[in-house]
Amino acid sequence: MTTFIALNLLCVFVALLLDHVIGDPRTSWHPVCLLGRLNRRLEHRLYPLGFSGGALLTLLSTTVAVATTLILLWAAIRIHVALYLVVNTLIIFFAVSARSMVQHALAVHAPLVTGDLEGARRALAMIVSRDTAGMDQAMVIRSTVESVAENFTDGVLSPVVFAALGGAAGAMLFKAVSTLDSMVGYRNVRYEQFGKFAARADDVLNFIPARLALVLIPAAAFGSRLNPGNAWRIGRRFRLAHASPNSAHSMAAFAGALDTSLGGAATYFGIRKEKPCIGDGARIDETALITDATGLFTRTTALLALCAAILYLTLLIVMRYPCA
């Protein structure tokens, strides 16, 4: 088991490096795209079953994702362990999405600095489910920072944690649930019942990673012009200020580090919702908040990669020099 986790940590480190250099491949055969198409096909058949149909969809989607991954890994290791490590690394690479999140956020920032608010709204609509039409500049900035902060847990930390413990199969287990939650996990007329199981499963899987984010984000804020102490204080104070048991953890830490306030009113599918404010910072309508957020996101991801490398080397030493 120790060897298995050590190899997974090595694969995680390489996968994060690949993501930093290459980014998320834009291709129709991306595992997440394939899962999305499978989910839509199954949804049409299972939706009439309500909650039970949503639960069955979640189980089928995760089973397909994990089983396919295990078959690929089994085939690879029968050829050579080196091929197994390559396949394991590549699948984990597909499961993390750090660079693409930064690129999407900067795509919102670019038109803002030139005064193109409508262009910023269109770019924002690519990464959020809320309605962006009619947003003023401050709301566009806040929504972008919120998306960056929340995506650190969903798109980077959680898949890395599951990859470290379960390899590529663990990463795809999480990714299958996360993808389905992003598709049907909404509290609206259509998905209130059908999407509930996927949403709760996503809450369970993100529970521990979200709390790890409270430690990693303030630590990553050191050595920058951000405020690591405030990231810890605000993170602790506002970590439960959200309907989701997990979302506010990384958002609160980001809000503290950036000295801003997140949350508040947002419109989803034409329905305005009031959310609790997260943070009490004074920086609100500053385009630099987006670049500060992406910088913190990148540094925290780098710290996560460093932690994976250190844990890998530690396990190597433990295996090489076991206690008598």
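The values are calculated or read from the model by the stated rules, or taken from the named source; none is laboratory data. Since the structure is predicted, the reported quantities are computational estimates derived from the model, not experimental observations. Methodologically, a virtual Cβ is constructed for each residue, glycine included, from the backbone with ideal geometry; neighbour enumeration extends over all protein chains shown.
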*Just one of VAL156, VAL145 is modelled with pLDDT of 95 or more, touching a strand residue (DSSP E or B) at 6+ places or on another chain (Cβ under 7 Å), of a type in the set (A, V, I, L, M, F, W, C) and outside any loop (DSSP other than H, G, I, E, B); which is it?*
VAL145
_Extreme residue, nearest to ALA288 (Cα to Cα), among residues of the range 109-135 that are touching a helix residue (DSSP H, G or I) at 6+ places or on another chain (Cβ under 7 Å) and surrounded by fewer than 16 Cβ atoms within 10 Å (Cβ to Cβ)_ = LEU117
*Between residues in the range 96-124 that are farther than 28 Å from ALA163 by Cα and in contact (Cβ under 8 Å) with a residue 60 or more places away in the chain and residues that are surrounded by 15 or more Cβ atoms within 10 Å (Cβ to Cβ) and of a type in the set (Gly, Ala, Ser), which pairs lie under 7 Å by C-beta distance while being six or more apart or on different chains?*
VAL108/ALA120; VAL108/ALA123; LEU112/ALA120
_Matching residues in the range 128-142 - criterion: being in a helix (DSSP H, G or I) and farther than 15 Å from TYR268 by Cα_ = GLN137, ALA138, ILE141, ARG142
_Selection within the range 269-288 - surrounded by fewer than 16 Cβ atoms within 10 Å (Cβ to Cβ), among the β-branched types (Val, Ile, Thr) and either assigned to a strand (DSSP E or B) or out of contact with any helix residue (DSSP H, G or I) (no Cβ under 8 Å at 6 or more places or on another chain) (or both)_ = ILE271
_Among (1) crowded, with 19+ Cβ neighbours inside 10 Å; (2) part of a helix (DSSP H, G or I); (3) in contact (Cβ under 8 Å) with a residue 40 or more places away in the chain - the single one ALA266 does not satisfy_ = (2)
*Only one of THR62, THR69, THR58, THR89 is modelled with pLDDT of 95 or more, farther than 30 Å from VAL128 by Cβ, β-branched (Val, Ile, Thr) and within 21 Å of the chain's Cα centre (by Cα); which?*
THR89
